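The values are calculated or read from the model by the stated rules, or taken from the named source; none is laboratory data. All of these numbers come straight from a predicted model, not from anything done at the bench. In this analysis, Cβ positions are derived from the backbone assuming ideal geometry, glycine residues included, and neighbour counts consider all displayed protein chains. We work out accessible area using only protein heavy atoms, side chains counted, and drop any ligands, DNA or RNA first. Shrake-Rupley method; radii C 1.70, N 1.55, O 1.52, S 1.80 Å.
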Amino acid sequence: MAHSWRVGGRDLSLDPPLIAGVVNVTPDSFSDGGMFLSPPAAIAHARQLLNDGADILDMGAESTRPGAEPVSADEEWSRLEPVLDGLRELRNEGAVISVDTTKLDVARRAVEAGAAIINDVSALRHDPGIAELAARTGVGLVLMHMRGTPRTMQENTRYGDVAGEVRSFLERALGQAVQAGCDPAQIAIDPGIGFGKDLAGNLELLARIGELADLGAPVWVGVSRKRFLGDLLGTPPDDRLAGTIAASLEAVRSGATAVRVHDVREMRHALTVVRAIQGRREAA
Ligand code: HH2
């Protein structure tokens, strides 16, 4: 299992697991669309998430919810630029910024503006040049599994062996990034919970994260407020917090080393308590 992750010239420790706080600068994200579309609102939210204990801010300007319409690179960048600009001071103080994009043009501009991580939910399928960008600049790179695109991904959620297929996909994507010149220490992988999977597939992946961790890369997991929790609980996105925390803690127990959540404060509290108990157990 990986113990640290190299992002933009820094080694982030994975013990305790990293918390990536979500900042969606979008009108249409599934749980917080429109809440942080204005730059001042997004910047204030980012500051709050850092105060709440986020290790990373994951900023997205294009929704990836099932069925979402794609936006142009110019539109995506016009949403991100003022927020990245407004976070310059925090960045200088050490805040780690990740940009959730599949577009090389947006990724390049974001890295020039100080982003230390590219979170590519297409795992280089949309723009393979993102691997060369990461190799050249040393930023961290997250490669996530998804079937098709957000518009099509829920059309076919059937797998023979979901964990095996996701593992092979991520192993290939890792190989592609290394081939393009990335240092393996820069690359994290993510099973893409909810991206082209049904309830059973999501649960199976969460239970078998150890098989992905065996690939040697840090494993990101994003379950926050997602539909599979609604399937289990019968609640809307704004009433899935306990489910989010439970699933994230189980993911960590299975081998995840970074959790991507909207509710950073609650996640930080839960991780702190669980780890205190684990420490006691190990000492006993
Ligand atoms: N999930 C979402 C977006 N980006 N990136 C990674 N690496 N892993 C994930 O699980 C993941 C992700 C979807 O969540 P959200 O940002 O809340 O919604 P939307 O895509 O509608 O903006």
CD proxy at 222 nm, helix term only [per DSSP H run n ≥ 4: -39500 (n - 2.57); per residue of the chain; nearest 500] | -13500 deg cm²/dmol
Report the Stokes-Einstein translational diffusion coefficient (µm² s⁻¹, integer) for region 1-143, Rh taken as the Kirkwood radius over Cα pairs, at 25 °C with viscosity 0.890 mPa s.
-> 162 µm²/s
Roll a 1.4 angstrom probe over the protein heavy atoms and tell me the percent of accessible area of the chain that is carbon or sulfur.
-> 50 percent
Extension gain from V178 to D28, taking 0.36 nm per residue of separation minus the Cα-Cα distance | 50.6 nm
Translational D in µm²/s for region 4-283 (Stokes-Einstein at 25 °C, 0.890 mPa s, Kirkwood Rh from C-alpha pairs) | 132 µm²/s
Percent antiparallel among DSSP beta bridges confined to region 3-109, nearest 5, equals 30 percent
What is the list of residues in region 30-72 whose amide nitrogen lies under 16 Å from a point 7 angstrom out from the Cα of T235, following Cα to Cβ?
-> 31-32
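Which is the longest part of the chain that has none of the GluC sites (Glu not before Pro) sitting in a DSSP loop with at most 13 other Cβ atoms within 10 Å?
On the way: sites that count: E93, E155.
My reading of the result: 156-284 is the longest stretch.
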Quick one: accessible area per residue over the chain, 1.4 Å probe, rounded to a whole number of Å²?
-> 43 Å²
